[in-house]
Amino acid sequence: MNSVIKNSKIWDGILKAVLVLLIVAVIATPVAGTMFTFLSEDDFSYESGGLEGSVLYQSSIVGSFMKTANIYKSQQGCYTPMFLDHLFRPYSRFGMPGFHFAMFSYVAIFLASVFAVSFVLIKNKTVSLAVILALVLSVFTMSYTRLDTEIMYWHTETLGYTLMLGFMLYALTFSVLSVRNNGYKTVIYIILSSVFAFLASGASLTLVAVNCAVMGAVLIIDYKELIERKFLVIPFVAGFIGALINAVAPGNFVRADDSAVPGHETLLDGIRDTFTCAFGSFFKAVDIIFILTAIILIALCILYKVEVIKGGLSGIRMLIILGGVLVIHVIEAFPAAYGGKVGQLEGHLLIEHIIAVRFTMIFVVVCFAQWLREHFAAIEKQQNALKIACAVVALLILVLPVTRGIMHDSFTARTYRDLRSGAAVRSYRVREYVLSTFQMAEDGTDCIIYVPWDTSTESFPGMGIGADSEWFENRSAANLFGLHTTTILTP
């Protein structure tokens, strides 16, 4: 028995198994939920626009490019998701099975990028799994993750943010690999990183800001390699060029002018709002579960002697990393605050910012653990005390009412309840009935549907189509299905 207790390999294997089970538990229901999604809000507009473009230009690619160019001029500069949204058209091409496959793929690609970047940045597999768990907890199980509805189950936003976030993480992963390798491998990684960096820079400007920042951070942290191999800057240049193309889009300024709110119009107003948003959102992001997760992560990084920054971390370098991350938070908030003319982030803007804050702060936590181990040798020797601390913190996560309350309100928990109660199935059937009715209705007619059933869920969105046939969503749905008007009446 004593030999089992002292066998670190056995305990390491047990810890890995526990981490894998926890990761699966966190992501299982959100991934399963992609099988019960449906078109909503702008989805109708992009599907019909892409279909119209393919017919008009006799090519889906050319039609999607032209439609994207029009949006670029008149609405916003998000060229990558706009083009892909018009090009893919999963519902009009393959029906609901195709739509579900697309939604599943976006989320799966994003989750795969989380795994990839964690395993590349941290060589120790056990700590990598712990970091992956921390990242997925940040997205699905902490405070405000109930807002994931829009970025996980709404096609337009899932493609426009979640998939693009995955592209950003792939750009970062391949950029790091290009630095760590030589020869033809470096060339391949530079090409891959450049492609993903350019595509990620075609997303919303809030994500573009983070994309350029992290690509630049790789060069700053590995500046010695950059001096010797200047071509390593290519992925950053690709991302920066994409960002410029995005930022100067005429549609950005048109949209900003259209959404102007008294007291939030000028650049100075935007700068003030940016700091207000960044400061307020930081304390929303760093909740008790994040803090407890960070403590466990620090302990594990010290125990496993993790080195995420080669060459050691001085106090000055640690402060630069922390300061750089805080600057990223401010830069990320600026497009939302100034472009959207808002003094407080809400909805998908809030959850997108919170995810960016949590992801970057987890990197800071791992670096801080390395700094502690390098500068306080006594910490590393207190392995038993650290193990006890980990056990105590884990127990606190289970017993503290506040953490249980947060987790009960999380996106993972909400989706689980929808799936377990059958609410997800009932809601999906009603939406499928609506879409099928529109599909079978005679062209050019006024299609009115009365839905007498309860279709409420905790985690899935609504279609956006309502009683007024002149609403944007109603007109978009009518265009998609070739109808004169569409109307949905509910009790």
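What the table below lists for this structure:
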{"read-out": "Tabulated pairs, the range 352-368, first assigned by TED's automatic domain parsing to the domain that holds Ile302, second assigned to a helix (DSSP H, G or I) and of a type in the set (D, E, K, R), C-beta under 6 angstrom, 6+ apart or interchain", "value": "Ala356/Glu332"}
{"read-out": "Residue within the range 297-308 that is touching a helix residue (DSSP H, G or I) at 6+ places or on another chain (Cβ under 9 Å), closer than 19 Å to Thr145 by Cα, at pLDDT 85 or above and among the hydrophobic types (A, V, I, L, M, F, W, C) present", "value": "no"}
{"read-out": "Some residue of the range 169-187 being of a type outside the set (Phe, Trp, Tyr), over 26 Å from His348 (Cβ atoms) and touching a Pro at 6+ places or on another chain (Cβ under 9 Å)", "value": "yes"}
{"read-out": "Only listed residue being surrounded by 15 or more Cβ atoms within 10 Å (Cβ to Cβ), modelled with pLDDT of 95 or more and of a type outside the set (S, T, N, Q), chosen from Phe44, Phe88, Phe110, Phe38", "value": "Phe110"}
{"read-out": "Residue check for Ser74: among the polar types (S, T, N, Q) and surrounded by fewer than 21 Cβ atoms within 10 Å (Cβ to Cβ)", "value": "yes"}
{"read-out": "Residue check, Gly280 of a type outside the set (A, V, I, L, M, F, W, C) and either at pLDDT below 85 or touching a Gly at 6+ places or on another chain (Cβ under 9 Å) (or both)", "value": "no"}
{"read-out": "Members of the range 87-127 found to be of a type in the set (D, E, K, R) and either at positive phi or touching a helix residue (DSSP H, G or I) at 6+ places or on another chain (Cβ under 6 Å) (or both), listed by number", "value": "Arg89"}
{"read-out": "Failed item in (1) loosely packed, with under 14 Cβ neighbours inside 10 Å; (2) free of Cβ contacts under 8 Å to residues at least 24 places away in the same chain, with Ile61 passing the rest", "value": "(2)"}
{"read-out": "Residue check for Ile291: hydrophobic (A, V, I, L, M, F, W, C), surrounded by fewer than 22 Cβ atoms within 10 Å (Cβ to Cβ), over 21 Å from Val120 (Cβ atoms) and under 21 Å from the mean Cα position of the chain (by Cα)", "value": "yes"}
{"read-out": "Selection within the range 350-379 - of a type in the set (S, T, N, Q) and farther than 10 Å from Ile298 by Cβ", "value": "Thr360"}
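The values are calculated or read from the model by the stated rules, or taken from the named source; none is laboratory data. Here the structure is a predicted model, which means the values were calculated and not measured. Note: ideal-geometry Cβ built from the backbone for every residue, glycine included; neighbour counts use all protein chains shown.
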